[in-house]
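Heads up: the structure comes next, in structure tokens.
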Amino acid sequence: MKRGNLEREGRLRRFAFHLSRFVVLAAAVFTAAGCAIPQVPSRTVYEDPVNFVRLELDANVLPEWPPGHFTHPARFSHEQVRRVLMGLTVQEHRTMVQRWIGGDSRRLPMFRDAEIMILVPQLVEALRLARENERVTYYLSQPQTSVKRTITSGGLYIRGTELHFILGNWQTLYGIPAYGMIYDRRYPMNPIISKGFDLFFDLDQALVHQTTSIWDGLLANTKDELVIDLAIVFPGQSI
């Protein structure tokens, strides 16, 4: 009788052991599925270990509504794209009180010279390959340590003669998590932190006015996208 009890106890222990392993495995699978980062349908135009330019499907562009389509593919020369990139500047956003105390911050070039050298040929190629429902996204990264990098990222698209240029992150320090979700490379147009900058172009008359809300002003999102009329930037040239 004692031996039978020991055998039953042993079987129960083995069953409990295997059950616990199954529960742990199931929990791990469930967690992984729940934390999986959805992929944005995309096509890579250029990629190196730290930078990329790609074409992403824009879910807001409906196939059945042609007026909403982007004017893609679009053909631009290297000189035209370089002109636009060199004319883009960024300024730290300051409230009225901050400007009253310390004045406006200095405008800085959006892209460094080395970044422009990378972007120009790749953006020309990306716009040439883009479809009417694809936007061009860019991601530029500078490793700081093994777990930190500074990123500049965003996207752009053409509609008619207007270039819509979005800056999602600008020289933003990103700490790579030890585990979990990494968003900076998956969603280059999305800000990792609150945007604290405004965008400008050196030809004011080429900027297309956009309607913004009071909340955009409070969150410093009134100038995180520029709409540039390329017909004014490049008069007499084919756009």
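Readers should treat all values here as calculations from the given coordinates under stated rules, not as data from a laboratory. All values reported here derive from a predicted model rather than from experimental measurement. Here the Cβ positions follow ideal geometry from the backbone for every residue, glycine too, while neighbour counts run over all protein chains shown.
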Extension length gain for Ala231 and Gln144 (0.36 nm per residue less Cα distance), in nm, is 27.3 nm
Provide the packing ranking of 153-159, 104-110, i.e. peptides ordered by the mean count of other C-beta atoms within 10 Å per residue, highest first. 153-159, 104-110
Scattering curve values for the stretch 40-233, log₁₀ I(q)/I(0), Debye with Cα scatterers, q = 0.10, 0.17 Å⁻¹: -0.42, -1.24
Distance in nm between pseudo-label sites at Leu129 and Ile182 (7 Å out along the Cβ direction from Cα): 2.2
Once amide H atoms are built 1.01 Å from N in the peptide plane, which residues 5 or more positions from Phe197, or in another chain, come under 5 Å H to H? His93
How large is ³J(HN,Hα) for each residue in the stretch 115-124, as worked out from phi by the Karplus curve 6.51 cos²θ - 1.76 cosθ + 1.60 (θ = phi - 60°), to whole Hz, x for Gly and Pro? 5, 5, 4, 6, 6, 3, x, 6, 5, 4
Non-local amide H neighbours of Phe76 (under 5 Å, H modeled in plane, Pro and chain starts lacking H): which ones? none
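Calculate the translational D of the stretch 106-207 in whole µm² s⁻¹ from Stokes-Einstein, where the hydrodynamic radius comes from the Kirkwood formula applied to all Cα pairs, the temperature is 20 °C and the viscosity 1.002 mPa s.
142
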